[in-house]
1. In region 150-167, which residues are near the ligand (Cβ under 8 Å from one of its atoms) and not hydroxyl-bearing (Ser, Thr, Tyr)?
2. Evaluate region 232-240: report whether one residue or more is open to solvent by less than 80 Å² (accessible area, probe 1.4 Å), at pLDDT 95 or above and more than 10 Å from the ligand (Cβ to nearest atom).
3. Within region 116-216, which helices (runs of 4 or more DSSP H) (wholly inside it) include 1 or more residues that are open to solvent by less than 10 Å² (accessible area, probe 1.4 Å) and among the small types (Gly, Ala, Ser)?
4. Name every residue in region 14-40 that is touching a helix residue (DSSP H, G or I) at 6+ places or on another chain (Cβ under 6 Å), part of a helix (DSSP H, G or I) and closer than 30 Å to LEU73 by Cβ, in order of residue number.
5. Might you let me know whether region 96-108 holds any residue that is under 21 Å from the mean Cα position of the chain (by Cα) and within 16 Å of GLN273 (Cβ to Cβ)?
6. Any chance region 54-62 includes a residue that's closer than 15 Å to ILE264 by Cα, within 16 Å of the ligand (Cβ to nearest atom) and open to solvent by less than 60 Å² (accessible area, probe 1.4 Å)?
7. From SER100, SER133, which residue is touching a helix residue (DSSP H, G or I) at 6+ places or on another chain (Cβ under 8 Å) and under 20 Å from LEU268 (Cα atoms)?
8. Quick check: anything in region 63-73 outside the structural domain of SER246 (by TED's automatic domain parsing), in contact (Cβ under 8 Å) with a residue 40 or more places away in the chain and outside any strand (DSSP E or B)?
Amino acid sequence: MILLDGKKLSEKILAQLKKQVSQLQKKPVLAMILVGDDPASAIYVRRKKIFCEEVGIISKTLKLPARTSEKKLLAIIDKLNKDKNVTAIMVQLPLSGHMSKNKIIEAINPRKDADCLHPANYGKFAQVDENYSVVAPATPFGIIKLLEEYKIKIEGKHAVVVGRSNIVGKPAAQLLLSRGATVTICHRHTKNLAAFTRQADILVVAVGKRNLIRGNMMKKGVVVIDVGMNRFGKKIFGDVDFPSVSKKASFISPVPGGVGPTTIAILLWNTVQLAHLDSRLDSVNPRRTSRLAKRAKK
Ligand code: NAD
């Protein structure tokens with residue numbers, strides 16, 4: 001069994017981004033909005049800030065009290081949208097129930113949408129040609145990068161995705177599909193989950209329930225991507241029961257150290273993509289970005 005080392009991959013991506021950022025005329029600025037005092041959200045935002053520092057992206061964290069009204073948050077986003085010094089914006093989810101998540105996401109200028117959550121970006125992304133979108137959903141794209149890093153073949157494989165959220169499950173299924181996998185999506189209403197997970201060559205689990213998936217629910221040699229992040233005190237666990245699953249899997253992404261770091265790396269990758277689009281500078285993929293810049297100008 002081989003561990004899919006997301007930390008190592010994220011360091012590789014960050015090193016590439018650092019080089020790109022150094023070639024930009026002005027440093028990208030990522031504005032992160034944190035509403036309330038959910039400890040896990042605060043940790044994620046702090047980690048993103050550290051990664052930004054590594055790459056040379058300027059991060060600005062706007063900490064707002066839990067009682068912040070939707071109107072106030074929309075006004076803050078509007079201000080950031082208009083601020084020429086801000087390259088990208090992300091709102092740390094989940095938001096508390098008194099706000100409409102959709103309304104908040106839609107308020108972000110798609111050209112500053114670091115998370116690829118705005119329907120204009122997500123819609124482009126969900127169309128078969130994912131290169132149509134400048135940005136990519138961070139966690140699912142990180143999963144693909146992780147599979148590619150370890151030269152794991154996707155085409156022709158049966159990928160089973162457990163979880164159907166807009167942030168992870170659905171876009172992960174979409175990316176696997178566009179790379180030629182046959183995809184099954186399971187969710188809370190799926191009956192006899194094990195009957196599906198046992199068919200998987202690639203199993204992506206994004207649910208948020210510790211030990212939901214055990215070794216007896218899969219065939220030998222499966223590639224397991226564990227997206228789950230379940231906190232118990234200071235410890236963090238995935239959705240799969242690592243001891244039993246690692247006996248069956250050929251590859252497995254650990255928690256922590258798997259999908260988490262790659263997600264942040266892709267968020268910063270998105271930020272740099274938006275900076276390239278903004279400055280019409282492209283040192284990564286000139287053909288793609290100039291095409292996108294032309295399209296955005298229309
Ligand atoms: P979500 O709550 O939006 O979605 C959970 C999904 O799980 C739903 O589609 C639901 O139908 C499904 N589900 C619930 N119970 C199930 C069951 N018994 N069997 C099968 N499916 C079931 O969650 P999310 O935002 O997609 O996140 C999922 C997990 O991934 C969480 O633990 C979250 O913290 C983690 N996560 C990690 C990262 C990262 O960077 N590592 C990023 C995003 C989310």
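1. As a first pass, look at region 150-167 and keep what is near the ligand (Cβ under 8 Å from one of its atoms): 162-167.
Once the filter is applied, which keeps residues that are near the ligand (Cβ under 8 Å from one of its atoms) and not hydroxyl-bearing (Ser, Thr, Tyr), region 150-167 yields VAL162, GLY163, ARG164, ASN166, ILE167.
2. yes
3. Working: elements: 119-126, 138-149, 169-178, 193-197.
Qualifying helices (runs of 4 or more DSSP H): 138-149, 169-178.
4. LEU14, LEU17, VAL21 - these are the residues of region 14-40 that are touching a helix residue (DSSP H, G or I) at 6+ places or on another chain (Cβ under 6 Å), part of a helix (DSSP H, G or I) and closer than 30 Å to LEU73 by Cβ.
5. Checking region 96-108: at least one residue is under 21 Å from the mean Cα position of the chain (by Cα) and within 16 Å of GLN273 (Cβ to Cβ).
6. No, region 54-62 has no match at all.
7. On the way: SER100 fails: under 20 Å from LEU268 (Cα atoms).
Checking each option against the conditions leaves just SER133.
8. The first filter runs over region 63-73 and keeps only residues outside the structural domain of SER246 (by TED's automatic domain parsing), leaving 63-73.
Checking the rest, the ones that are also in contact (Cβ under 8 Å) with a residue 40 or more places away in the chain come to 73.
Within this subset, residues satisfying the condition of being outside any strand (DSSP E or B) are 73.
Yes, some residue in region 63-73 is outside the structural domain of SER246 (by TED's automatic domain parsing), in contact (Cβ under 8 Å) with a residue 40 or more places away in the chain and outside any strand (DSSP E or B).
The values are calculated or read from the model by the stated rules, or taken from the named source; none is laboratory data. This is a predicted model, so every value here is computed, not measured. Methodologically, a virtual Cβ is constructed for each residue, glycine included, from the backbone with ideal geometry; neighbour enumeration extends over all protein chains shown. When the accessible area is computed, the model is the full protein with side chains, heavy atoms only, and any ligands, DNA or RNA have been set aside. Shrake-Rupley method; radii C 1.70, N 1.55, O 1.52, S 1.80 Å.
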